[in-house]
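Below: one structure, written as structure tokens.
The values are calculated or read from the model by the stated rules, or taken from the named source; none is laboratory data. Everything numeric in this text was worked out from a predicted model, so none of it was measured. Using ideal geometry, Cβ is built from the backbone for each residue, glycine included, and neighbour counts are taken over all protein chains shown. Keep in mind that these areas ignore ligands, DNA and RNA; they rest on the heavy atoms of the full protein, side chains included. Shrake-Rupley method; radii C 1.70, N 1.55, O 1.52, S 1.80 Å.
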Amino acid sequence: SLMEFVKSMPKLRTILLAVVCLLLFSWMVPMSGYASGAVYSLYVDVAEGIDDVSHGGSPESGAWKTLHYAIIQVNDFGMGSNDTLTLYVAAGNYNSPNGETNTNIVLSQSNVTVTGTSGSEPVLTGWVGSNWTTGIEITGSNVTLQNLYVTGFSDTYDIGIKSYLGSGNRVENCKVYGNYDAISVLESNNCTIK
């Protein structure tokens, strides 16, 4: 019989047992259990940071100074599809006199949270007559902006926060004021505002 044949072949018995165990294990553990990704934390601090390659955006290597520079680094950050990144923004005024450049900030990386500390929110300030016409534009997916103040984008058609691409984006506990348009969203499923 088949059982007697299997008993007579110890190596075959071991292989069959291993196959059965693997099949049982793969059935018991859902594939989503393998999907957890890395979690990254980066920092920008207008008072203490430096926009330089010698600063890696961490407490150990030094925070960056401007949001423009930090967002470029975040966009170029090598992340897997299941990884997440949080950019912590220290209190302060992120504006031209403090080093912000005269171009739009476009956040294209997905799975990113940009957050200020509640109670000492950083202020992102534009200025009249500049080429910086949108405070922050989101083009990635699953992006959250929280605890930020965005103001001064007051020329005709300037926008504080813009979310035109991607999906699952969120704007939470942000104060967006003194802009021509506060928040501009392409579709209702593109961005949740709380």
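Just for the stretch 165-184: of the residues that are among the aliphatic types (A, V, I, L, M) and in contact with a Lys or Arg (Cβ under 8 Å, 6 or more places away or on another chain), which one is surrounded by the fewest Cβ atoms within 10 Å (Cβ to Cβ)?
Filtering the stretch 165-184 for residues that are among the aliphatic types (A, V, I, L, M) and in contact with a Lys or Arg (Cβ under 8 Å, 6 or more places away or on another chain), the one surrounded by the fewest Cβ atoms within 10 Å (Cβ to Cβ) comes out as Ile183.
Checking Asp83 against (1) in contact with a Phe, Trp or Tyr (Cβ under 7 Å, 6 or more places away or on another chain); (2) under 24 Å from Ala63 (Cβ atoms); (3) open to solvent by 40 Å² or more (accessible area, probe 1.4 Å), which test does it fail?
Looking at each condition in turn, Asp83 falls short on (3).
Against the condition in a strand (DSSP E or B), without any contact (Cβ under 8 Å) to a residue 40 or more places away in the chain, over 22 Å from Tyr157 (Cα atoms) and polar (S, T, N, Q), how does Thr86 come out, does it pass?
No: the conditions fail for Thr86.
Could you check, for the stretch 79-87, whether at least one of its residues is within 17 Å of Glu48 (Cβ to Cβ) and either at pLDDT 95 or above or among the acidic types (Asp, Glu) (or both)?
Yes; the residues of the stretch 79-87 include at least one that is within 17 Å of Glu48 (Cβ to Cβ) and either at pLDDT 95 or above or among the acidic types (Asp, Glu) (or both).
A quick yes/no check of all residues on (1) within 17 Å of His68 (Cα to Cα); (2) at pLDDT below 95; (3) within 18 Å of the chain's Cα centre (by Cα):
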residue: Ile105; (1), (2), (3): yes, no, yes
residue: Val112; (1), (2), (3): yes, no, yes
residue: Gly119; (1), (2), (3): no, yes, no
residue: Val128; (1), (2), (3): no, yes, no
residue: Leu145; (1), (2), (3): yes, no, yes
residue: Gly166; (1), (2), (3): no, yes, yes
residue: Leu186; (1), (2), (3): no, yes, no
residue: Asn190; (1), (2), (3): no, yes, yes
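Determine whether Ile193 is open to solvent by 10 Å² or more (accessible area, probe 1.4 Å), in contact with a Ser or Thr (Cβ under 6 Å, 6 or more places away or on another chain) and either farther than 20 Å from Tyr40 by Cα or without any contact (Cβ under 8 Å) to a residue 12 or more places away in the chain (or both).
Taking the combined requirement at face value, the residue does not satisfy it.
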